[in-house]
1. Select from the chain the helices, each a whole stretch of DSSP H, whose alpha-carbon atoms run 24 Å or more along the helix axis and whose Kyte-Doolittle mean is at least -0.5; answer none if there are none.
2. Using only alpha carbons, build the gyration tensor for the chain and give me the equivalent ellipsoid semi-axes, biggest first, whole Å.
3. Give the accessible surface of the chain per residue, rounded to a whole number of Å², with probe radius 1.4 Å and ligands, DNA and RNA excluded.
4. Whole angstrom only: what separates the Cα centroid of region 164-191 from the Cα centroid of region 38-71?
5. Cα atoms only: what Rg and Dmax, in Å, come out for region 1-86?
6. What Kirkwood radius, in Å to one decimal, follows from the Cα pairs of region 128-219?
7. For the chain, what does the relative contact order come out to in percent, with C-alpha contacts under 8 Å and a separation of six or more?
8. Which of the aspartates and glutamates could a cross-linker span from Lys188 if the Cα-Cα distance has to be under 14 Å and same-chain partners fewer than 8 positions apart are dropped?
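The values are calculated or read from the model by the stated rules, or taken from the named source; none is laboratory data. All values reported here derive from a predicted model rather than from experimental measurement. So basically every Cβ, Gly included, is an ideal-geometry build from the backbone, and we count neighbours across all protein chains shown. Note: areas computed on protein heavy atoms with side chains; ligands, DNA, RNA excluded. Shrake-Rupley method; radii C 1.70, N 1.55, O 1.52, S 1.80 Å.
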Amino acid sequence: MTTTQVDCSDCNNMFGGGIDKAFADQVTEIRNLLQLESGTGRTAPSLKNVKAGDQVLNLWGDGQIDLVRKPFATSKNADGSLAISINARSAEEIERLTPHIAASIPMPEEKLREQIGASVASIIEQRPNMIHFPLSFGGGDAFRSAAKSCLVLWATSVGNEKASGEPYRAAREFVMHGGEAFYLASTKLDTRLLPVLDQVKAAYGPIFNLIHVQSDTTGRVVGHFTLYNLIAFQVVLAAAGATPDHKITLVSNPERPEIWSSTVGLDLPVAWLATPEYEVGDARERIASLISYYTESGRSGEFERIIRDVLEKNGLREGDRIPQELAHKICGEIAHRAAMHQFGLPFEEKVMVSDLLARHQRPKDTDGAE
């Protein structure tokens, strides 16, 4: 949801490179893990040079994982001949590296291609080692960003003139300049589950984002920002005297950003909004639920990838009927690789590089499937 009627371009740019960045940086690892694009469609952030046991990895925003290592190395054999080892994640990468290897030896490029094609490659597929990410939520700048979002949403409903009034002065000052007194007195992390959780999950998925702003009969206004159904940032935007008995909700599905609404009409109990709680045990439980969701959704995607790869290796394209004489072989290969993946064991097979390159160069069908 965007608006040009509430904050000016200068303030918006200042927020984007300051407090909004501080807020977004707290979920960089989560966005990478779930490959969550930005609201404007930018790919999820990448994480580079991440330690995973004795491995160093690049975790790209599209879900791809690369080992950080030299793409090729040369050494002398006992008989004086040259040995070349190539580390690549695809046939395309082997082809891309070939001219660079030829120039470094040196050797005519065509001769090197012949020798590479006649070589045997080991295809190794394995899960990365355990990666430990510290997660930290809250802090003055993140709460300033959450408060700003709540105020902007509220202004789209009650109008700029009212949102610029005296009841909101302390909250506006906090957004613009910070302030320890407001931060300590009027903000709190909340680990409780929403009273309307099932309703929101059914419409916007299990890791929704939600901003809900509501006032009571005295004009006390509370902004509640639930982030990825993981934790909530709650801010008292006005202690009293603001627009009474009013509410507005903005909710979205981060996995499908086109699904969102600012007219959903949720009703959160005033008494519930007035009593935010932070419990470490609840926070851990919600993080564990998110990781379980990632594991389940990632597992199905990996099994689909394994099936596609086995079919391609056997000369089949998506949509092809499996010949009867290949059915037993293909099912056995899929079952073996799926079992290795499920138990976290490395899968390795030997293949002629020429076969890999030929598979890569196979013409595409009319639908673009190889």
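1. Details: long enough: 140-158 (26 Å, 0.64); 280-313 (49 Å, -0.54); 324-342 (27 Å, -0.42).
Span-like helices here: 140-158, 324-342.
2. Working: eigenvalues 560, 108, 70 Å².
For the chain, the semi-axes come out at 53, 23, 19 Å.
3. 56 Å²
4. Taking the Cα centre of each part, region 164-191 and region 38-71 sit 36 Å apart.
5. Cα-based Rg and Dmax for region 1-86 come out at 21.3, 76 Å.
6. For region 128-219, inverting the mean 1/r across all distinct Cα pairs yields 15.7 Å.
7. Relative contact order comes out at 17 percent.
8. Output for Lys188: Asp141, Glu180, Glu277, Glu279.
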